[in-house]
Structures are given as structure tokens and as C-alpha cells.
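Novice: Pasting a structure here, questions to come.
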Amino acid sequence: MYVQKKSMVMILAIVTAYIFSYLFHLYWIGWASHNPEFFWNGQLMINNVDGYFFGSGAQKILYHEHLDNPRLLDVWRYGTAVITAYIVKLLPISLDTAMLYLPPVLSSLVVIPIILVGRLYGNVIWGFLSALIASIGWSYYNRTLAGYYDTDMFSAMLPMFVFFFLISAIKSRSLNYILAASLTVILYPWLYDQGLSIVYAMGIMMFLYLVLFYRYEKFTYKAIIIFSFALMPILWMFKLLLVIVLWFLLKTYDTELKKFQIAAGVSFLAFILIGNVFGIILHKVFSYTSHTDQIAGLHFLNVNETVREAGKIPFEVVADRIVGSLLGLVIAVAGYILLLIRNKEFIIALPLWGIGFFAYFGGLRFTVYAVPIAAMSAVYFFFWLSERFEAKKVRIAAVSLGTLFLLAPNITHITGCCEKVSWLDSIKEFYPLKSYPYLTPTTLLKSEVALLNEFNKKSFPKDYAITWWDYGYPIWYYADVNTLIDGGKHNEDNFLVSKILTTSDQRLAANLAKLSIKVYVDTNKTVAPQLFIKNKKVINVDEFFANLSTKEYKPPKLNRDIYLILPHRMFDIFPTVAYFSERNLNTGKVYSRKFYYKNRVVQKGGKLYIGQLIVDLRRAVILIGNQQAPIKNVYIIGIDQNGKSHYKEQKIRDKGLSLIINKSFGEAIIADNKYINSIFFQMYLFDNYDPMLFEPVILSPWMKIYRIK
């Protein structure tokens, strides 16, 4: 009866924590539902661009789309796409609905292993309170809220199941839990293909712990044997069978300790060698900290230098994203140290802390892994503190108030609070109670999706679009055409697309696009190294481009069409787009970056206020702090509903920056001629294209699409 009651308490705690998490994860829907531009086909669209990769994979399974997309040849490798497709098959919901609601449904499952860990140590309340914080922790919420459809709903949740199984195995000396952990590890890469380094580190930490503290127990070496094979990067079906067979044999077979030690040593060594363990971990570190990629002497820009979530962030932001505040992080670290003192097996969770702190160097995306263990550690601190008091009411108060202290900044991050309370600014750096709600728009707006849907009807699935990688996946999903670069294939070919979009030579852009797609279709490999490395020697890239820009050059024949997709939203990131080709690939020299500024514009008297800049219209100068910059040209542009640009140009002087006022969007751009003369500016803003090379297909203020003839 007592055991049954404890089980009911645990189940009630799990259900309550799950509902708590799920409801908070739906907060975004309440806000987004008021904007009609966020809807398509009667459903809210998702707010994470990467989700459209898995959505496209689900489309392939469900509707046999994207059959010519080389990036989706083996769609069954991606568990997120497969699970989504079968949910849509089995339930009366649309694919768009599944993509919207799956993140809160699945990510909220993180409460289960956290509460189970609490029960394992005889304190379900600890697990329950920790689950409340972890499930809506700043970083965890940001990457799993409704509409944030991506592998993040698995990436931090499944390691906590692995952690629970491993520490359960250690406490009970049970190979059954080792088997459960092994099966979870085998499943993990299917759901999150970037997770190998995480489980590798947790596995190695467990091996070290067992050998250090239980070196004379046979269980130690049996566990190492089974888990080593679970971690090996071998065919999953063979690995699954092998792990189950090993588990069965080691449960039933016994021999002397020495033989188990030798077998464990061989298994571990095989795992290290076959798994390229340290190579994978070091590659992860260096890929997020290096600025350039060198391929056979060619100096490409590393995309991670320009991805906001992969850049270095302030330490207080790391703290906020892990547990809600800097004070909370201090408490969590202290709590983790106390946990280690009392329960040394918690050292297995150290890699989760490590990757969370790596966010300081590698970018904000890594903080999510530390959220669950940080929540458990912080709440544990208050339980430890409550033990200093004898009175039961004081103990309850200490834990309750401590939990509320940890929860508060995470809740206000979601819902917003106290925006007008000025005195809270003084504590914001270490306890950010004052906050605006975390609200993010959908990846695309209805107006943009309608254009892609129209484009879908005018194109064929084997066709290709040249555009920046940020828009690749949504273009797959809504237009069913392919792209040269996308959210997962943004490598050296970024240089090619950047060159096409930023060059002022339209013939070069058209020829380079045709050649790039031809090579990609023929080889299904990264194009740039194939173009610039001949007979294992690097060619002169500038001379190569000079040849492509001549009338004598004959571009390859293609059995498909190529389109330039020029969305208005690319103006927000165009300097970043240009940065990839603002370099000499042969020497590595980076060209000086030209001035570019875009913002909303408001006119007051004889001045224009463009964000932080002021334009003195009478003197035609830009006021930048204490400095002034002359204006060379002024363009006043309006784009009608048919997508046709109407503009007036006023030349003021021979040198200076150009001022573009886009009346259709109430914005202004101040830019150097380098940008003004680019393909993107000329074909989008001025409808200036060579009719011998390009043909307009879709024209709209939101997006312009040209077919390359």
C-alpha cells in the first residue's frame, strides 16, 4: 500500500509538471494568433527556419514531394521527420498543425527523468520542483516553445533519460538500466544527429567513475562492455542486436574479474578508436571557435562567425539562459558541488554543465543542455539549506521561496513583467525579473508564403533557386524547388551564392549560377572546391571569374531552370551575405567592409531619423555621432502591388553614400555603391536586369523572383 501511494504521488508529480510545462510552452500561440500574417491554410506557421527541413522530409514521406532534392535522398535517417509524418498519418491533424504543437508535446517529457531522479534519491518533491524550473528554463523554453519545430525538443530531453538510467544502474548495480541507457543512446542520433559528442562524454565520465570507485566489482566492467558497444558508430541494427546479445550473455555468464577487465578494456579501446571520440569532440569545439575554413589553401569564411547563436556571448547571458539569472547560476553551481559531495555519481552530468558553459565561447545554442541539471542542482541547494533548520515550517518555506526565486525570472522571460518598474534595472544584470515577453515572429509571413505558393505552380521540383541559406528550407517546403545552400549545407558554397548576389556583373552572376548548379547536380558535392581546385592545384579565383563574365564563355546546358529569389527581408542581413565573398580566396585577404545601415525612417522637419542615425536634408549629410558623412545620391522608391518599382533619383555630389527611402516599407537604407550596384539591389529595388539573361517570374514588394535564361 505504501509503495502504491508513493507511485501515485510520483505519477501525480509527473502529470502536474508536464501540464505546467505544456501550458507555458503554448504562451506564444496566444500572442501570435492575433496576427493574420502568421497564418497559412488556416494554421499558425512555425517560428524556426530549421523546422522546414524536417517538414519537407515529412512531405516526402506523406505526399512524395521533393523527390529531386539531393538533401532529402535518405529522409528515413531523420527521426523528427519520420515521427511527424506518422503522427499526421495516424491522427486527424494537418502537417502544419503537427509541426506547431510537437515541440511543447515532446519537450515537456523532460519532466519525467528529472522526477524519476528525485524518486531515486527518495525525494520526489526535489524532482518535481526541479522539473518545473527545467521545463520552462530560459534556454529550454526558447528552443522548444510552440512552433519551434526542430530537434531541440529531443536534444536536451533524451540526455536526461540517459543520465537517469546510468545513475540508476550504478545505484542498483543493474544491467537492465545499462540496457535502457544503451537503447536510448542508439535512438539518440536518429532524433538528434549532432548529439554524439554529448553521449560520448557522458559515457566516458561514467566509465571513469566506475573504475575509480568500483574497480573491484564485476558490474563495472560488464557495464563498460555493453555501453561501449552502444556508443560505437556502427550500423544501428547490428549495434542493437549486439547490445541485446551482450546484455543477455553478461547477465547469465560469469567468470573471473580479470577476464571482465580485459574484455572491458578491449571494448573501451575499440569505442575510442572506431568512434573517433576525441576527433569528434575537438571538431565540435574548433568549428565553433575558428573564423575561417581552409580547403587546400583556399580561405573561406566559417559560417559560425556570422551565425548569432554560434557567436560568443556575455557570461551573464549564459547564466540567464541556463537557470534564469546570474544569482541562480551561482546557487546551481553550489548545489551541484553539494550533490557531488553527497552523491559522487552525479559527476556523469558534468559534460552537460561543460557544454552549457561552452556557450560563452561557442554561442547561445549550447546553454540548453545545462538547463535540466542546473535546475536540479539549484533546487538541491535549497533542500540542503533547509536542513540547517529544525522547524518543519521553516524548511518548507526555505525550499518554497527558493524555488519561487529560481522560477520567477524564467516565467517573466516568457510572459513579460514589470517593464515600467525602473528600480528593477539596477538588479537586472544578476537577477532579470524585469522583462519583455519572449515573442518571435513566424519564419515567413503569409504574404511571402503566398508568393512561394504561386512560384510552386510555375516551377518544377527538379528546378533550383539561388538565394541565401536562411531561406533554403522554407523554399523547399512551400515552393518544392531545390537550393544550392540551406540551413544545413552552408559551407564553402556560401561564397558562390554571396558572389552571385553581390556582384555588379549580371553576366557573371548568371553564368556562375548555371555552372554551380550543373556541378552540384552532377556530383552532389560541395561545388566551390571543385571549381577552384583543378588537378589538386588551386587556380586563380579572380581570373576564373573574369573568364565567366565574358561573352565568349559558354555556360553549361541544363535540363532544369534556375531562379534568383530576392526576398525583401534579405536587406536586413545583406552585409553578412556580402561578407562571405569580400575576400581573396587565394591569399586570405579580407577586403574592407563598406558602410551599410537600414532602419525605419521618420521625418521631422528638415531631418530624417533612421534608427540611431540622423540625416540633415538641407545639407545632405548623415550625422553619425560626432561625425558627418556626405550623401551622394538620394533614391525615393515605391513598389506597387504588382511588384513594379517606381523611383526618383537625385544626384547631389560625386562622392559619398547613397540614401534609399523605401516608401513601401517605411524604411531607409544608407549604403556604399558596392551594395547599390549589386545584383540584389539593382534587380529588387530598381527592376534593372538584362533581359537577355533574366526573366521576371514573381514580382512583389515582398519578394522578386527571376528565371535565369
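Novice: Just to confirm my numbers, what's the Cα centroid distance between segment 457-501 and segment 90-167 in Å?
Specialist: Measuring centre to centre over Cα atoms gives 33 Å.
Novice: What are the residues whose amide H is under 5 Å from the amide H of I485, where those residues sit 5 or more places off or on another chain and H is modelled from the backbone?
Specialist: For I485, the qualifying residues are T467.
Novice: What value, in deg cm²/dmol to 500, does the helix sum -39500 (n - 2.57) over DSSP H runs of n ≥ 4 give at 222 nm once divided by the residues of the chain?
Specialist: -16000 deg cm²/dmol
Novice: Here is a follow-up. For the Cα atoms of the chain, what angle does the longest principal axis make with the long axis of helix 326-342, in degrees from 0 to 90, nearest 10?
Specialist: Helix 326-342 sits at roughly 30 degrees to that axis.
Novice: Dipole of segment 1-412, Cα-centred, from +1 at each Lys and Arg C-beta and -1 at each Asp and Glu C-beta, to the nearest 20 debye?
Specialist: Computed charge dipole of segment 1-412: roughly 1540 debye.
Novice: Rg and Dmax in Å for the chain, alpha carbons only: what are they?
Specialist: Final numbers for Rg and Dmax: 28.3, 93 Å.
Novice: Now for a separate question. What does the net charge come to around P630 if you take all other residues with beta carbon closer than 10 Å to its beta carbon, with K and R at +1 and D and E at -1?
Specialist: After counting each charged neighbour, the total is +3.
Novice: For K536, list the aspartates and glutamates whose Cα falls under 18 Å from its own Cα; do not include residues on the same chain fewer than 8 positions away.
Specialist: Within reach: D293, E492.
Novice: Return the Rg/Rh ratio of segment 446-580 with Cα-based radii and a Kirkwood Rh.
Specialist: Rg divided by Rh gives 0.96.
Novice: Angle check, please: helix 371-386 long axis (alpha carbons) against the longest principal axis of the chain (alpha carbons), in degrees 0 to 90, nearest 10.
Specialist: Helix 371-386 sits at roughly 40 degrees to that axis.
Novice: Per-residue counts of other Cβ atoms within 10 Å, averaged by peptide: what ranking do you get for 61-72, 477-488, highest first?
Specialist: 477-488, 61-72
Novice: Share of Cα-Cα pairs in segment 335-434 beyond 15 Å, in percent?
Specialist: Here the tail beyond 15 Å accounts for 71 percent of pairs.
Novice: Using a 10 Å cut-off on Cβ atoms, rank the peptides 402-411, 260-269 from the highest mean neighbour count down.
Specialist: Top to bottom by mean Cβ count within 10 Å: 402-411, 260-269.
Novice: Just to confirm a number: summing +1 for Lys and Arg and -1 for Asp and Glu over residues other than I136 whose beta-carbon lies under 13 angstrom from that of I136, what do you get?
Specialist: Neighbourhood net charge equals +2.
Novice: Quick check: from the Cα gyration tensor, does segment 1-111 come out rounded (a/c under 1.5), prolate or oblate?
Specialist: Here segment 1-111 falls in the oblate category.
Novice: Under 5 Å between amide H atoms, partner at least 5 residues away or on a different chain: which partners does K632 have, H built in plane at 1.01 Å?
Specialist: HN-HN under 5 Å from K632: L657, S658, L659.
Novice: Right, something else. Give, rounded to the nearest 20 debye, the magnitude of the charge dipole that segment 296-436 has about its Cα centre when Lys and Arg contribute +1 at Cβ and Asp and Glu contribute -1 at Cβ.
Specialist: Here the size comes out at about 340 debye.
Novice: Another one. What pairs in K6/K251; K499/K648; K446/K663; K60/K89; K458/K663 have C-alpha atoms more than 19 Å from each other?
Specialist: Where the Cα-Cα span goes over 19 Å, the pairs concerned are K6/K251; K499/K648; K446/K663; K458/K663.
Novice: Right, another one. Straight distance only, please: which aspartates and glutamates reach the Cα of K594 with their own Cα at less than 19 Å, same-chain residues fewer than 8 apart left out?
Specialist: Cα-Cα hits under 19 Å: E305, D505, D572, E582, D654, D672.
Novice: P(r) for segment 1-412, please, calculated from all Cα pair distances in 10 Å bins and given in %.
Specialist: Percent of pairs per bin, in order: 5, 20, 30, 27, 15, 4, 0, 0.
Novice: Net charge near A223, counting Lys/Arg +1 and Asp/Glu -1 over other residues with Cβ under 10 Å of its Cβ?
Specialist: So the environment of A223 carries a net charge of +2.
Novice: Let me ask you something else. If packing is taken as the mean number of other Cβ atoms within 10 Å per residue, what is the order of 416-423, 117-124, highest first?
Specialist: Packing order, densest peptide first, comes out as 117-124, 416-423.
Novice: Going by alpha carbons, how many degrees (0 to 90, nearest 10) lie between the helix axis of 157-172 and the longest principal axis of the chain?
Specialist: Relative to the chain, helix 157-172 is tipped by roughly 20 degrees.
Novice: When the Karplus curve 6.51 cos²θ - 1.76 cosθ + 1.60 is applied with θ = phi - 60°, which whole-Hz ³J(HN,Hα) does each residue of segment 390-396 get, with x for Gly and Pro?
Specialist: Working through the residues one at a time gives 8, 5, 4, 5, 5, 4, 4 Hz.
Novice: Quick one: work out the % antiparallel among DSSP beta bridges in segment 556-709, nearest 5.
Specialist: Close to 90 percent.
Novice: Still on this structure: Output ³J(HN,Hα) for segment 362-368: one whole-Hz value per residue in order, computed from phi by the Karplus curve 6.51 cos²θ - 1.76 cosθ + 1.60 with θ = phi - 60°, and x for Gly and Pro.
Specialist: Ordered by residue, 3J(HN,Hα) equals x, x, 5, 4, 7, 5, 4 Hz.
Novice: Apply the Karplus curve 6.51 cos²θ - 1.76 cosθ + 1.60, θ = phi - 60°, to the phi angles in segment 232-247 and return the couplings in whole Hz, x for Gly and Pro.
Specialist: 5, x, 10, 3, 4, 5, 5, 5, 4, 4, 5, 5, 5, 5, 4, 4
Novice: Cross-link partners among lysines for K428, C-alpha distance below 18 Å, same-chain residues fewer than 8 apart left out?
Specialist: K420
Rule-based calculations on the coordinates, nothing more; no lab input. Only a predicted model underlies this, so the values are computations on that prediction, with no experimental measurement involved. We place every Cβ from the backbone using ideal geometry, glycine too, and count neighbours over all the protein chains shown.
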